[in-house]
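Asks: Pasting a structure below so you can have a look.
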Amino acid sequence: MRLSGKRALMIGAATGIGRACVEDFARNGASIVVADINEAAMAEAVHLAGAQNVRAFGTRCDVRDEASVRDAVEYAEKALGGLDTLVFFAGLMRTGQVDGFEAETWDAIFQVNARGTFFAAKYGAPALKRQGGGSFITTASLAGLRGAPGMTAYAAAKGAVIAFTTALAQELAPANIRVNSVLPGWIDTPFNNPAIDYMGGTDAHGAIVNRIVPLGRQGTPAEVAPMYTFLASEESRYITAKSMMVDGGMAH
């Protein structure tokens, strides 16, 4: 029960890595609000958390809309009686050669990944301050450090999240708020389908993963979730401004 007594708002956590984190947070005793645009999947995630005998709620949130993020934070504060942890998972990936990439798609990727993270911090930081501090966890990607062909927009957006995280950590440290980012590598979720398609399909992708990942396989959402749990727990109380890679050894 590493998160017993913790109250967490988890934005974009209805599917994939986010859902695995909802389950892991609940197993470790956290009370949770899941905020997501996918209301059906959000309801399923809330049910999974509630099955662990913790308080769990859901609220719709579109991270492209500032007011929607603000309302999600306000809802979570009221539902849980305060916030100790805010985790941002929402993301968007599209692929393509830069000379044929549409500006509208580039903007959409930044709107969800970078701008959405900013909104979460803008409204989440005051909520954490009202509790005397806490943990804000962003979700970047190994792509934000090293990129790959066809992923220039996604890499640039996740690189922005990494830079934002390190700057925000310094800004919020006096308020006893720790800010860290989790950087997943190749994780087996449908989120990566655009990249897999760009790489030539499942077989081609599998061959590349076998070659570039020292552990020789993709990770699973359940293998990423404990990193978020650690960063939300008191075990990480002297860790801030860090990029925590969960990548099977890629960034060696």
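Asks: Which one, Ala225, Asn210, Ala13, is farthest towards the positive end of the dipole of the range 7-246 when Lys and Arg carry +1 and Asp and Glu -1 on their Cβ?
Replies: Value computed over the given set: Ala225.
Asks: Can you give me the long-range amide H partners of Met245? Hydrogens built in the peptide plane at 1.01 Å from N, cutoff under 5 Å, separation of 5 or more residues or another chain.
Replies: The answer is Leu183.
Asks: Treating the beta-carbon of each Lys and Arg as +1 and of each Asp and Glu as -1, no other charges, what is the dipole magnitude of the chain about its Cα centre, to the nearest 20 debye? Don't skip to the end; give the middle numbers.
Replies: Details: 22 positive and 24 negative charges, 163 e Å.
My answer is approximately 780 debye.
Asks: Relative to the first principal axis of the alpha-carbon coordinates of the chain, what is the inclination of helix 221-232, with its axis defined by its Cα atoms, in degrees from 0 to 90 and to the nearest 10?
Replies: Approximately 40 degrees, to the nearest 10.
Asks: Using Cβ counts within 10 Å as a stand-in for footprinting exposure, how do Asp188, Asp62 rank, fewest first?
Replies: Going from least to most buried by this count: Asp188, Asp62.
Asks: Using Cα centres only, tell me the gap between the range 180-237 and the range 86-154 in whole Å.
Replies: Answer, in whole Å: 16.
Asks: Further question: Over the Cα atoms of the range 98-206, Rg to Rh with Kirkwood Rh, two decimal places?
Replies: On the Cα set of the range 98-206, Rg over Rh gives 1.05.
Asks: A further question follows. Within the chain, which is the longest segment that contains none of the trypsin sites (Lys or Arg not before Pro) sitting in a DSSP loop with at most 14 other Cβ atoms within 10 Å?
Replies: Between exposed loop sites, the widest span is 1-129.
Asks: Sticking with this one: At a temperature of 10 °C and a viscosity of 1.306 mPa s, determine how fast the range 1-84 diffuses translationally according to Stokes-Einstein, using the Kirkwood radius over alpha-carbon pairs as Rh; express D in µm²/s, rounded to the nearest whole number.
Replies: In µm²/s, the coefficient rounds to 131.
Asks: Could you give me the radius of gyration and the Dmax of the range 159-252, taking only the C-alpha atoms into account and expressing both in angstrom?
Replies: That works out to 15.7, 49 Å for Rg and Dmax.
Asks: Roughly what angle does helix 116-129 make with the longest principal axis of the chain, taking Cα atoms, 0 to 90 degrees, to the nearest 10?
Replies: The answer is roughly 20 degrees.
Asks: Give me the base-10 log of I(q)/I(0) for the range 40-99 at each q in 0.23, 0.27 Å⁻¹, Debye formula, one uniform scatterer per Cα, rounded to two decimals.
Replies: -1.11, -1.32
Asks: Right, next: So if I restrict to the alpha-carbon atoms in the range 7-246, what is the Rg, and what is Dmax, the biggest pairwise distance, in Å?
Replies: Using the Cα atoms of the range 7-246, the pair Rg, Dmax is 17.1, 52 Å.
Asks: For the range 1-92, give the magnitude of the charge dipole about the Cα centre (Cβ charges: +1 Lys/Arg, -1 Asp/Glu; no others), in debye to the nearest 20.
Replies: On the way: 10 positive and 12 negative charges, 72 e Å.
Result for the range 1-92 is approximately 340 debye, rounded to the nearest 20.
Every number here is computed from the coordinates shown, using simple stated rules; none is lab data. None of these values were measured; they are calculated from a predicted model. Glycine gets a Cβ as well: all are built from the backbone with ideal geometry, and neighbour counts include every protein chain shown.
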